[in-house]
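Structure first, commentary second.
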């Protein structure tokens, strides 16, 4: 499964429209190119929907959002829905400010997402406001661990059922779920948290993978998570061998995505269906 | 010729004002520093023209444009014209949206450009709207190749005659032309397309080269194209030797520009006058 | 002193809110992570003050400012003051345009800064308008040198007395002063001027260091200057050994910050109290 999903990106070279933050936009563009996809960034309302229509998928990332770009996200999201193109949401910092939380909810109301990727706090924030009144249990506030894994999987499946989106909760242990099935993935390295942009890059990759595998969004999202995590492991190896620091790691991470083969991905993925 | 043009940039260290996209702005700043120039980025209408007046040249790049920055581009372009400083246009994505196309035309109406650099599709879009009714033949839609080289040169010369700007159509084969003469340049490496920003960086370099060689803009533009292409070749060599990927290539590309000597540029340039 | 200040950043992992330019924002985020801190970038008025309240300190950088972000800087600065969190000002390009100069003065009127860092021209611009009519002597226009060192120290102390902020004038020789004491630091390497963002990164580091050492802002600022300068020296060593250029240097610089130990910092710092 992983190999086919991965090779479809190389073969179809999907063009991905990103409306994203200016902190990690360069990483998002480069990781898309490294994976075999192609990026277009455009955030003005006068062109957002038109650019979306040119593309195979859309990635909406609310880091460094502002009122101008939020309007463009809504316009592009609706256009992608109208055209049946997958849309990925990265609710960066949802829960950190009223504006981010409100924007995430507004996007969820007006746009159907193929996938939503965030850390456990961001996803928890998403879940709280999406139409139930009973909220989310406090233990789901925590990162995914071997202790709470079953409940986190159930939480992700439930949120997927309510939103229609594949849910990816990423961290040391990743959970990727639709309403029926879940994958648990344990690739990755702690050094990924010592550079900015690994989450944003993964969301951009998910948009490329979903575009190239539109009938298998769950598998596409899981493959993107494996690719990123395994690349992090390979990047750590090279960084350690060469006595590098966090900037060398950043380079080796993008390099690893650009050099990954389907065989390596299959061999290195630590993924389990639940 | 190449050596003198190149060394003038090192000697004069031109300050270049860039109004550019936020995807590759960091690369543009670093490539200017690597070449011997110096960057200033400023895109607010309240300071745009004033910053332009401090600088030796201006680079207008319409990637991630918005209504706010378009107004600043117009103000800075007019101020540069008033002061006789060269202005370079990079019409990123012209043709991809009405807004980009209309902005490119508006800039062409209100600002005189010393040079315009784009890929063949972008330049074709520019040509279509610049005042003739007969438009551009469909075969000019294609990339420059050995088959259509003569007609692409004629097209570039004609567009230069109509706009007054040196025209640089870049790709696997580059054509750089004014109304009288053209250079054909075949430096470069396909890996340049696997990272974001090589086009944007080249446009920024052209602005530095035009500033330091104001009486020889055609040669300045051609030298910048050679520098970028040759640096791509050298970067590929290093990347391959060290088994690197696309991010290592990005580093080696900027490194090559920063380490290039006039002798290396002269020796490695594959440039032919037509 | 240096070691304790440095280790406090590693121990407390301060969250730093940056409202900064889009040219070097990625470097600012990565250098904060490399030092042991953590970045949040947010510049919309609807969330700026709320994000500030989550953070341990604030860094205001006026490169690529615009009217929208200036309003957010004021709101965040006032909120940080209200909550007693340190605020660092980087007056990028103050003096280059009326808008930047006026914005720097407006910020100084409405916000109390813990530290202000700039090159000698920027700091001179700040000093001229801060309420005295006698202005600043012309010789202070120049960079800090062994010839004018005493007068530059007196100038920095005087400006600190007038603003209440620690003043850091950085260049080949750095002066870091409050109204009573000054440190003179001579770490660094000329190659730091051949990449974009070393000043911006240093200001972001100062915000992290001030957050983790709120009762010793002078020492915190001086330690950040030593860390950056010494990292520049170590980065130059690696770059030269590997025959790299300016982009390799950029990587090695961030790597050096991420790999620095307290012992290395203590051993390598060239700092003198005056």
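The values are calculated or read from the model by the stated rules, or taken from the named source; none is laboratory data. Bear in mind that the values here come from a model prediction, so they are computed numbers and not experimental data. Cβ placement follows ideal geometry from the backbone for every residue including glycine, while neighbour counts extend to all protein chains displayed.
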Any helices (runs of 4 or more DSSP H) falling wholly within the stretch A:164-274 and containing at least 3 residues that are on the phi < 0 side of the Ramachandran plot, free of Cβ contacts under 8 Å to residues at least 24 places away in the same chain and surrounded by fewer than 22 Cβ atoms within 10 Å (Cβ to Cβ): A:217-241
Residue list for the stretch C:46-74, restricted to those being surrounded by fewer than 21 Cβ atoms within 10 Å (Cβ to Cβ), closer than 23 Å to residue C:95 by Cβ and facing chain A (nearest Cβ under 10 Å): C:68
Test: residue in the stretch B:210-230 that is within 14 Å of chain C (Cβ to nearest Cβ) and more than 18 Å from the chain's Cα centre (by Cα): no
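Answer with yes or no whether residue C:77 is within 17 Å of residue C:21 (Cβ to Cβ) and more than 9 Å from every other protein chain (Cβ to nearest Cβ). Give the steps one after another, and end with the answer.
Details: within 17 Å of residue C:21 (Cβ to Cβ): yes; more than 9 Å from every other protein chain (Cβ to nearest Cβ): yes.
Judged against the criteria, residue C:77 is a match.
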Residue check, residue B:151 farther than 30 Å from residue A:37 by Cβ and either at pLDDT 95 or above or assigned to a helix (DSSP H, G or I) (or both): yes
Subset of the stretch C:28-38 [facing chain A (nearest Cβ under 9 Å) and surrounded by fewer than 24 Cβ atoms within 10 Å (Cβ to Cβ)]: C:33
Number of positions in the stretch A:85-131 that are within 14 Å of chain C (Cβ to nearest Cβ) and either assigned to a loop (DSSP other than H, G, I, E, B) or under 21 Å from residue A:209 (Cβ atoms) (or both): 7
Where residue B:146 falls short, out of the listed (1) touching a residue at least 12 places away in the same chain (Cβ under 8 Å); (2) assigned to a helix (DSSP H, G or I): (2)
Yes/no for residue C:82 being more than 14 Å from chain A (Cβ to nearest Cβ) and out of contact with any helix residue (DSSP H, G or I) (no Cβ under 8 Å at 6 or more places or on another chain): yes
